[in-house]
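J.: Here's a structure for you.
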Amino acid sequence: MSAYGSYFAARFRTLLQYRGAAIGGMVTQVFFGLIMVMVYEAFYRSTSVAQPMTITQVRSYIWLGQAFLAMLPWNVEGEQRALVRTGAVAYELLRPVRLYSLWFARSIAWRTAPTLMRCIPILVLAFAFFGLRLPATPAAGAAWVVSMAGALLLSAAMTTLLTIILLWTVSGEGLNVLFTALVILCSGMNIPLPLFPDWIRGIMEALPFRGLVDSPYRLYVGYAQPAEVAGLLLQQLAWAAAIILGGVLLLRRGLRRLSINGG
């Protein structure tokens with residue numbers, strides 16, 4: 001485990017150097033956060049139909065989504081795509097470690113370092129000026145922290161799976177576009193899942209993407225009932241375990257057929 005921990009630490013420190021990208025991303029996310037909040041405020045003011053979430057809850061939900069956007073598995077790291085495309089992934093195979101664990105550690109670093117640089121300024125601004133509230137209760141805050149750890153684990157598992165799928169593609173661009181749409185729609189990133197119609201909400205709540213956004217954020221805003229907490233956390237861990245197992249098996253199959261420069 002020390003080898004993977006060292007690899008994670010080294011990659012994490014490297015990613016912390018991209019401060020310009022973090023500032024640009026932060027500005028963009030604050031802008032889109034304001035737009036989305038204004039859209040929902042207009043919607044709530046224009047309807048007399050009772051909604052399952054209050055506008056205060058939706059506002060906090062939106063700002064959490066913007067603060068932790070970089071943690072979502074909506075893309076594969078550019079260097080990883082280049083390794084597979086150029087054949088330099090062969091160097092990864094020479095390391096005396098398990099390739100899946102190595103890529104998983106890299107995925108965790110990829111999801112945490114950019115997120116930490118962006119989320120703190122966004123949360124401070126949202127608390128001070130844009131209506132983000134503290135967790136509904138101390139218990140809700142504790143459940144949110146635990147659920148965010150589960151969301152990180154699930155996100156890293158999905159990112160690693162996307163990286164493995166690159167072994168079957170020439171370029172990962174199409175994969176990124178498709179998965180981005182799935183994550184944004186099905187996780188509740190743009191539209192909180194409680195606001196979806198009943199006929200589709202049940203399906204979306206059964207998918208793994210829910211554990212990335214909807215589960216932790218509804219705990220934070222107090223929408224989830226105390227009896228739901230254990231189920232939400234277990235769903236995250238179950239999907240993470242299933243995706244990790246699927247990734248391990250898929251990687252084994254991919255390595256058996258992998259050809260580097262025709263060799």
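The values are calculated or read from the model by the stated rules, or taken from the named source; none is laboratory data. The shown structure was predicted, so the numbers you read here are calculated from the model rather than taken from an experiment. Using ideal geometry, Cβ is built from the backbone for each residue, glycine included, and neighbour counts are taken over all protein chains shown. Only protein heavy atoms, including side chains, enter the accessible area calculation; ligands, DNA and RNA are left aside. Shrake-Rupley method; radii C 1.70, N 1.55, O 1.52, S 1.80 Å.
J.: Counting only residues that are out of contact with any Cys (no Cβ under 9 Å at 6 or more places or on another chain) and open to solvent by 30 Å² or more (accessible area, probe 1.4 Å), which one in the range 204-221 is farthest from PRO138 (Cα to Cα)?
T.: Of everything passing the filter in the range 204-221, ALA206 is farthest from PRO138 (Cα to Cα).
J.: Moving on. Applying the selection to the range 125-141, what residues are within 21 Å of the chain's Cα centre (by Cα) and closer than 17 Å to ILE35 by Cα?
T.: ALA126, LEU132
J.: Going through the range 52-68 one residue at a time, which ones are out of contact with any Gly (no Cβ under 8 Å at 6 or more places or on another chain), open to solvent by 30 Å² or more (accessible area, probe 1.4 Å) and of a type outside the set (A, V, I, L, M)?
T.: Correct list: PRO52, THR54.
J.: Another question, then. Within the range 1-29, track down each residue that is open to solvent by 40 Å² or more (accessible area, probe 1.4 Å) and of a type in the set (Lys, Arg).
T.: Scanning the range 1-29 gives ARG13, ARG19.
J.: Quick check on my filter: what residues within the range 123-141 are surrounded by fewer than 16 Cβ atoms within 10 Å (Cβ to Cβ), in a helix (DSSP H, G or I) and in contact (Cβ under 8 Å) with a residue 60 or more places away in the chain?
T.: Hits for the range 123-141 are ALA139, GLY141.
J.: Let me ask something additional. Restricting to the range 205-228, give me the number of residues that are modelled with pLDDT under 90, of a type in the set (A, V, I, L, M, F, W, C) and part of a helix (DSSP H, G or I).
T.: Adding up the residues that qualify gives 1.
J.: In the list VAL89, VAL49, which residue meets the criterion of being out of contact with any Phe, Trp or Tyr (no Cβ under 9 Å at 6 or more places or on another chain), open to solvent by 10 Å² or more (accessible area, probe 1.4 Å) and farther than 20 Å from PHE129 by Cβ?
T.: VAL49
J.: Another question, then. Filter the range 36-53 for residues that are more than 19 Å from PHE127 (Cβ to Cβ) and without any contact (Cβ under 8 Å) to a residue 24 or more places away in the chain and give the result.
T.: Taking the range 36-53 as the starting set, the residues that turn out to be more than 19 Å from PHE127 (Cβ to Cβ) are 39, 42-53.
Result: VAL39, ALA42, PHE43, TYR44, ARG45, SER46, THR47, SER48, VAL49, ALA50.
J.: Can you name every residue in the range 186-199 that is assigned to a helix (DSSP H, G or I), open to solvent by 30 Å² or more (accessible area, probe 1.4 Å) and either of a type in the set (Lys, Arg) or modelled with pLDDT of 90 or more (or both)?
T.: LEU195
J.: Given the conditions (1) in a helix (DSSP H, G or I); (2) more than 19 Å from PRO73 (Cβ to Cβ); (3) open to solvent by less than 70 Å² (accessible area, probe 1.4 Å), report the number of the one that ALA240 does not fulfil.
T.: (2)
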